[in-house]
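Report on the following structure.
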Amino acid sequence: MTRPENAAIWYAQDGFDPAAKGINGRRVAGESFLKGFLRHADVDEFVILSKQVAEADPVKALAETLRPGVPVRAASLMRPAEIAPVGTVFYPSPNYAAEAWRRAPYGTGAYALSGITHTISTQAVMEGWMNLRVAPVEDWDAVICTSKAVLASVNFQLDLIDNHLKRQLNAAPRGRPMLPVIPLGIHCDDFTPDPVAGQALRARMGAGPNDVVFTTIARLTPHEKFDPLPIYIAMQAAQKKLPKGQKLHIAFCGVFREDYSRKVFAEGARRLMPDVGFALLDGANAQDRKAALSGSDVFMFLIDNIQETFGLAPIEGMAAGLPLLVSDWDGMKDTVTPDVGFRITSRTLPGPHLAQEALRYQGGYDSYVQYCSLTSALTEIDMGELTARILDLALNPGLRKKMGAAGQARARATYDWAQVVPQMQALWGEQQARRSAAMARSVRYAADALPLSPSPTALFAAYPSELARFAGKRLIARDLTGRLGPAETLDVRDYAGVKRVFAAKAQVLAVFQAIEGAGAQGAEVEVLAKGLNLPPPVIERILMWLLKYDFIRRS
């Protein structure tokens, strides 16, 4: 019997494969989750839901490596009910309104949906909350919020949306999906320091035994991640207060999207902290990432950008045994406790000050980069506090060691996937229990009349002269002497060129041959369906095509 705490994983490479689709926080977190789930989930089977069943093959291979012996079953998004008896779908985003509509023809209680937040500052995600409130989402569905700060942001926007719906439509909004706070996780063993790689990095940077290396692993973009210039100013100020012979260094490990960002980072370092060591490492290179965590003394993550929501990299720094120096920002308010590092006070302006930025972004006048960059420009990380904490860490190797050890213990006890996956499974079990108890409230929508995407021939029923009806009609084959038959015509028309066919070629030919075989008396849909073991709607689709090309006629 399948455990209720299982979930089918909605899988597409874009959500789980940074090597194939490019490194970003969402994909890195997705890949980490998938590996963590395969390693630690207490399930009888893994179920993968994807567009094509073959898309599950990489997951099957990974499962065979990480969890041999546990079967992997694939299901198609065209038949999502095939995930049964598993009763929940895990979707790697908060925007699962489309999945709620996909579920609707099977009933809103057919299975539960469980999403998760990553970046919540994009227009797509913000509009997604509106879509969730009008989609057939139930209170047994869920969106995992990865931090308390994210939960506050989500509830703030949902309040605005619900108030709008009350005012605009005089509607009483339904219950919200569950919004539990569950952190992201890591596989702590992946971040065990490598002393040889660490020493090589320090030698490459020219860092002496008493020097202190601060490292950050992140996308290196000043407009969508963090502005490095305030860091440079604080590091230079701290350097001037250090004893002679001790030097500070910064190693930024990440990926630049374009030369603009590289210039901001490199030119800013040259001009604002000339007395501090500086190195840029390749975040796409596993050896450089390992060296950054192994050769540094402090992990630094001074985010000032609304693009960030959780902060996975500091957890990796903890797992590597490094003390943390972070901004008091989003998920780090939860993850970075005083025993593992310092959180630096951050400040932004009240809402009305940036109302124009919101309107420009929503209206298409500003890009996402401009929106994030302008918000970051008006976000302060307390400079005096930052400089003081840099000095505290630089001058106290004992403090660094104590914080690093505490961080390593905290990462393993709280943020290893071995601890996080059971929390997710507990949520899915609760969703299953809620759904089972409320099945009487399940609503089933007609598949051809979904409000968001009705059948095209239903939506545009006023366009043709009439709608085709086959009840009581006999279909008779035409004489095809001297002209192409259905097989050749299908080849010429080449529907496969657009990668969609109205019916399989073999089915089309079987229907035509059955009508030919019926002779002058013709054949009815019910007889064709029974003889060919095909559903009547499939037969009628094929009949329409045969009529379109004059291969058959109505009696």
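Among the residues of the stretch 111-124, is there at least one that is in the same structural domain as Pro71 (by TED's automatic domain parsing), of a type in the set (A, V, I, L, M, F, W, C), surrounded by fewer than 20 Cβ atoms within 10 Å (Cβ to Cβ) and not in a strand (DSSP E or B)?
If we filter the stretch 111-124 for residues that are in the same structural domain as Pro71 (by TED's automatic domain parsing), which is where we start, we get 111-124.
Retained after the next criterion (residues that are of a type in the set (A, V, I, L, M, F, W, C)): 112-113, 116, 120, 124.
Of the ones still in play, those that are also surrounded by fewer than 20 Cβ atoms within 10 Å (Cβ to Cβ) are 124.
Cutting the leftovers down to not in a strand (DSSP E or B) gives us 124.
Yes, the conditions are met somewhere in the stretch 111-124.
Against the conditions (1) without any contact (Cβ under 8 Å) to a residue 24 or more places away in the chain; (2) within 30 Å of Leu151 (Cα to Cα); (3) of a type outside the set (S, T, N, Q), where does Asp259 fall short? Just the number, please.
The number of the failed condition is (2).
Inside the stretch 528-537, can you point out the residues that are under 18 Å from Ala468 (Cα atoms), assigned to a helix (DSSP H, G or I) and touching a helix residue (DSSP H, G or I) at 6+ places or on another chain (Cβ under 7 Å)? Break it down stepwise before answering.
Step one: list which residues in the stretch 528-537 are under 18 Å from Ala468 (Cα atoms), which gives 528-529, 535-537.
If we keep only those that are assigned to a helix (DSSP H, G or I) too, we end up with 528-529, 536-537.
Leu528, Ala529, Pro536, listed by residue number.
Name the residues in the stretch 305-337 that are over 22 Å from Glu31 (Cβ atoms) and surrounded by 24 or more Cβ atoms within 10 Å (Cβ to Cβ), would you?
Leu322, Pro323, Leu324, Leu325, Val326, Ser327, Trp329, Val336
Residues of the stretch 477-492 being over 24 Å from Gln521 (Cβ atoms) and either touching a residue at least 40 places away in the same chain (Cβ under 8 Å) or touching a Phe, Trp or Tyr at 6+ places or on another chain (Cβ under 8 Å) (or both), which ones?
Going through the stretch 477-492, the residues over 24 Å from Gln521 (Cβ atoms) turn out to be 482, 484, 487-492.
Result: Thr489, single match.
Given the conditions (1) loosely packed, with under 12 Cβ neighbours inside 10 Å; (2) touching a helix residue (DSSP H, G or I) at 6+ places or on another chain (Cβ under 8 Å); (3) not charged (D, E, K, R), which single one is not true for Tyr463?
In the conditions (1) loosely packed, with under 12 Cβ neighbours inside 10 Å; (2) touching a helix residue (DSSP H, G or I) at 6+ places or on another chain (Cβ under 8 Å); (3) not charged (D, E, K, R), Tyr463 misses (2) alone.
Hey, does the stretch 520-541 have a residue that's within 18 Å of Leu484 (Cβ to Cβ) and either in the same structural domain as Arg483 (by TED's automatic domain parsing) or under 43 Å from the mean Cα position of the chain (by Cα) (or both)? Explain how you work it out, then say what you get.
First, the residues of the stretch 520-541 that are within 18 Å of Leu484 (Cβ to Cβ): none.
Scanning the stretch 520-541, I find no residue that is within 18 Å of Leu484 (Cβ to Cβ) and either in the same structural domain as Arg483 (by TED's automatic domain parsing) or under 43 Å from the mean Cα position of the chain (by Cα) (or both), so the answer is no.
Of the residues Glu308, Glu267, Glu316, which single one is closer than 20 Å to Glu224 by Cα, touching an Asp or Glu at 6+ places or on another chain (Cβ under 9 Å) and of a type in the set (Asp, Glu)? I'd like the intermediate steps shown before the answer.
On the way: Glu267 fails: touching an Asp or Glu at 6+ places or on another chain (Cβ under 9 Å); Glu316 fails: closer than 20 Å to Glu224 by Cα.
Within the list Glu308, Glu267, Glu316, the selection yields Glu308.
Inside the stretch 49-102, can you point out the residues that are in a strand (DSSP E or B) and surrounded by fewer than 20 Cβ atoms within 10 Å (Cβ to Cβ)?
Step one: list which residues in the stretch 49-102 are in a strand (DSSP E or B), which gives 49-50, 72-76, 88-90.
Matches in the stretch 49-102: Val72, Arg73, Ser76.
So which of Arg347, Arg343 is in contact (Cβ under 8 Å) with a residue 24 or more places away in the chain and of a type in the set (D, E, K, R)? I'd like the intermediate steps shown before the answer.
Numbers: Arg343 fails: in contact (Cβ under 8 Å) with a residue 24 or more places away in the chain.
Only one candidate passes the filter, namely Arg347.
Name the helices (runs of 4 or more DSSP H) wholly inside the stretch 433-527 in which the number of residues that are of a type in the set (D, E, K, R) is 3 or more.
Values: elements: 456-459, 486-493, 505-517.
Ranges flagged: 486-493.
Evaluate the following for Thr192: is it of a type outside the set (A, V, I, L, M), in contact (Cβ under 8 Å) with a residue 40 or more places away in the chain and crowded, with 17+ Cβ neighbours inside 10 Å?
Working: of a type outside the set (A, V, I, L, M): yes; in contact (Cβ under 8 Å) with a residue 40 or more places away in the chain: yes; crowded, with 17+ Cβ neighbours inside 10 Å: no.
Against the criterion (of a type outside the set (A, V, I, L, M), in contact (Cβ under 8 Å) with a residue 40 or more places away in the chain and crowded, with 17+ Cβ neighbours inside 10 Å), Thr192 does not qualify.
Answer with yes or no whether Thr221 is in a loop (DSSP other than H, G, I, E, B), under 30 Å from Arg262 (Cβ atoms) and of a type in the set (Val, Ile, Thr).
Numbers: in a loop (DSSP other than H, G, I, E, B): yes; under 30 Å from Arg262 (Cβ atoms): yes; of a type in the set (Val, Ile, Thr): yes.
Yes.
Can you confirm whether the stretch 119-129 contains a residue that is of a type outside the set (A, V, I, L, M, F, W, C) and over 26 Å from Ser367 (Cβ atoms)? Step through it out loud before you land on a result.
At the first step, the residues of the stretch 119-129 found to be of a type outside the set (A, V, I, L, M, F, W, C) are 119, 121-123, 127-128.
Then drop every residue that is not over 26 Å from Ser367 (Cβ atoms), which leaves none.
Checked the stretch 119-129: no residue is of a type outside the set (A, V, I, L, M, F, W, C) and over 26 Å from Ser367 (Cβ atoms).
Consider Leu201 against the criteria (1) in contact with a strand residue (DSSP E or B) (Cβ under 8 Å, 6 or more places away or on another chain); (2) in a loop (DSSP other than H, G, I, E, B): it satisfies all of them except one. Which criterion is unmet?
Condition (2) is where Leu201 drops out.
The values are calculated or read from the model by the stated rules, or taken from the named source; none is laboratory data. Note that the structure is a prediction, hence the values are computed from the model and not measured. A quick note on method: Cβ atoms are made from the backbone with ideal geometry, for glycine too, and the neighbour counts reach across all protein chains shown.
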